Amino acid sequence: MYLAVLFLMNYRNRMKLFIAALKNILLMNGIKCFFSIFLFLLIFSGCQTNSNSNTKAKSSASMPPVANDDYFQEIGKEIGLDFVHSIGDNELNNIVESSGAGAAFLDYDQDGFIDLYVCSGTWLKGISSGEKPDEMPHNHLYHNLGNGTYEDVTQKAGLGEPLYSMGVTIGDFNNDGYPDLYVSNYGKNILYKNNGDGTFTDVTKRAKVEGSDTKLSTGAVWLDYDNDGFLDLYVGNYLNFDPNYKYFYAPDGFPGPLAYDSQPDILYHNNGDGTFEDVTKKMGITDVDGRAMGVGAADYDDDGFVDIFVANDHSHNYLWHNDAGKGFTERGIMSGVAFSQAGESTVSMSVDFADFKGNGQLGLFVSDDKYCSLYENQGNGIFKDQSYPAGIAMPAGQFVGWSSSFIDYNNDGLVDIYKANGALKHLYGQEDQLFENLGDGKFKDVSTSLGKYFLKKLVGRGACFGDYDNDGDIDAYIVNLNDRGAFLRNNKGNQNNWISLKLVGTTSNRDGIGARIKLTSGGKIQTAQKKSTTGYLSQNDPRVHFGLAKNSVVDKIEIKWPSGKLQVLDNVKINQILTVKEP
């Protein structure tokens, strides 16, 4: 009876009772003492749960923890996010294993709360050196229960097959109101159609967007390049990986990207009937030697057509200018974004676009293994790298930057930069960084003042950002290579005012991807664009978020839809998630 009671008690109480009981037992004599301790330990150990399990079916959380003094509080375990990324191997020993993985916030069931999809590697014959596990690692889908916790619904949704996944991009390709998933993999990619009932169907073969078995696809992005109302797809491909090639400098651990030939990217046009056409050559995409990592799309010159940026590893970056939907011209070198401020091709990882100067122009931040590049849009298609004068280069240069995103973490109306860091070829951890926008073209690394998480050394890769609890500030999820992911709740950002916009296209694509938004409040103008993929292999909250500082009203919101329609909203109430439907 005594042992049965112990079995039912919580962990902390069991520990206290265990110590007390052990003291009493040790006062006893004889062989019965040994067997009593042995039996006790068996039952006690059986009461434990494996917190690192990657296959838990449901959230065991009931309520999120109370906020502490940290600005960003790590609460993943407590709210049911038990995901552990896997490289599918006992050791990190090739570039495929080092290159994953991403995550995305999406509202797959349209209940108003953002859910989470996370990518993982898995065991692959000929790639992984360890033995095949009994339970194969796989990607996970977590449903936001609306009470601050998540439930793992991967199997229920039909998404549990083992893939060696790199990234995910979210878009409603068939305009049915439910977001679909495109997962980029080592091997064939997969397009999952959202059935609208909580399940997904693999429609890759019919859609003709699978790529091939030999592809190592990385970043991908949805965009409507011809403004026909249907989302097209650009897929970045990395390199022709040869698992038998073993020539490398021993301290590096394995051959680097230049040891392999590059793979060309692909542009797919959405035919509007559930199928896609490979229009790469037709549209002038000539990817000769690019090794794509992160891919992003935005209309950087505000001509009404969305352009594409490709962050290439060890080769110059691409800026594909959209020529009115009829073709693309590569303008990376002539625009000033192909190389770093030192004129070098860097290990470019990810890209994000934002009006960080508040001048109505979309600039870029490109993370890499050195000083990173903050490209200020000078107008007329020209950019200037301001990483050093902005105060980013020196602090960033201590780390290898992977996923980076512009977010207004404190809702002051100025977009800041979150940068996830981690070593390239070893499982060596590094601290993440958050650069606060000071409003005068300067940024400051304020990471260590924001919480205990920023003192942790982890091998960061993808990251996504969004308001998971609809409280008005931006939370974060970071994928850590071969380790538990981290969920950071923003505890203090909503001390300032805010507004988030959920766009619903009618003539334009249903997601409103490509829409340009100009918001005026308190005499200040903010400009943003509805984007698909953001950062490294990841995607943020589908709602467009604006911090408003202490302003009590939004004076005006102007939305230029991809269709060309202009919509104006006046005197809009603050601190709300506003659904805006295209007229």
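Note on segment 137-277: Lys pairs 8 or more places apart or on different chains, Cα atoms under 19 Å apart, count 7. Projecting the Cα atoms of 347, 333, 317 onto the dipole axis of segment 310-366, where Lys and Arg carry +1 and Asp and Glu carry -1 at the beta carbon, places 333 farthest toward the positive end.
Computed log10 I(q)/I(0) for segment 344-492 at 0.12, 0.14, 0.15 Å⁻¹: -0.46, -0.63, -0.73, from the Debye equation with unit scatterers placed on every C-alpha and solvent omitted. When the surface is traced with a 1.4 Å probe over the full set of protein chains, residue 489 keeps roughly 20 Å² accessible.
Mind running the shape call on segment 168-229? Use the C-alpha gyration tensor, a ≥ b ≥ c as the square roots of the eigenvalues: rounded below 1.5 for a/c, prolate if a/b tops b/c, oblate otherwise. Taking the square roots of the gyration eigenvalues as a ≥ b ≥ c, segment 168-229 is oblate.
For segment 311-383 and segment 230-307, compute the distance between their C-alpha centroids and round to whole Å. Each part's Cα centre sits 16 Å from the other's. Taking θ as phi - 60° and the Karplus parameters 6.51, -1.76 and 1.60, the scalar couplings of segment 479-492 work out to 8, 10, 4, 6, 8, 5, x, 10, 10, 10, 8, 7, 8, 10 Hz in sequence order, x denoting glycine and proline. For segment 500-577, the alpha carbon convex hull comes to 94 Å³ per residue, rounded to a whole number. The charge dipole of segment 454-583, taken about its Cα centre with unit charges on the Cβ of Lys, Arg, Asp and Glu (plus for the first two, minus for the last two), comes to roughly 260 debye. Taking Cα atoms only, the orientation of helix 31-46 departs from the longest principal axis of the chain by about 20 degrees. Based on the Cβ-Cβ distance of residue 90 and residue 156, what FRET efficiency does E = 1/(1 + (r/R0)^6) give at R0 = 30 Å, to the nearest 0.05? That pair, residue 90 with residue 156, gives E of 0.45.
What the pair-distance distribution of segment 543-583 shows, using all Cα-Cα distances binned every 10 Å from zero, is 25, 55, 19, 1 percent. The dipole here belongs to segment 524-583: it is taken about the Cα centre, uses +1 on the Cβ of Lys and Arg and -1 on the Cβ of Asp and Glu, and is about 40 debye.
Centre-to-centre, using Cα atoms only, segment 89-147 and segment 510-557 are separated by 29 Å. In segment 530-583, Cα pairs under 8 Å separated by at least six residues give a relative contact order of 25 percent. For a test of the definition: using alpha carbon positions, the gyration tensor, and the 1.5 limit on a/c, classify segment 145-293 as rounded, prolate or oblate. Note, shape of segment 145-293 comes out oblate. Listed values for segment 507-518 are Karplus-derived 3J(HN,Hα) couplings in whole Hz (6.51 cos²θ - 1.76 cosθ + 1.60, θ = phi - 60°), namely 6, 6, 4, 4, 6, x, 5, x, 5, 10, 10, 10, and x replaces Gly and Pro. Charged neighbours of residue 582, selected by a Cβ distance under 15 Å, balance to +2 (K, R count +1; D, E count -1). Annotation for segment 119-214: GluC sites (Glu not before Pro) lying in DSSP loop with at most 10 further Cβ atoms inside 10 Å of their Cβ are 131, 135. Rounded to whole numbers, the Karplus 3J(HN,Hα) couplings from phi for segment 463-469 are 7, 10, 9, x, 8, 6, 10 Hz, using 6.51 cos²θ - 1.76 cosθ + 1.60 with θ = phi - 60°, and x at Gly and Pro. The length gained by stretching the chain between residue 524 and residue 206 to full extension, at 0.36 nm per residue less their Cα-Cα distance, is 109.7 nm.
Computed from the C-beta positions of residue 258 and residue 571, the FRET efficiency with R₀ = 60 Å rounds to 0.60. Net charge dipole, the chain: roughly 1600 debye, given to the nearest 20, about the Cα centre with Cβ charges of +1 for Lys and Arg and -1 for Asp and Glu. Across segment 407-521, Cα pairs under 8 Å and at least six residues apart give a relative contact order of 20 percent. Applying 1/(1 + (r/R0)^6) with R0 = 22 Å to the Cβ-Cβ distance of residue 384 and residue 440, what FRET efficiency is obtained, to the nearest 0.05? My answer for the efficiency is 0.85. Relative to the longest principal axis of the Cα atoms of the chain, helix 11-26 runs at roughly 20 degrees.
The values are calculated or read from the model by the stated rules, or taken from the named source; none is laboratory data. Quick caveat, the model's predicted, so the values are computed rather than measured. Here the Cβ is made from the backbone with ideal geometry for all residues, glycine too, and neighbour counts use every protein chain on show. Surface areas here come from the heavy atoms of the whole protein model, side chains and all, with no ligands, DNA or RNA. Shrake-Rupley method; radii C 1.70, N 1.55, O 1.52, S 1.80 Å.
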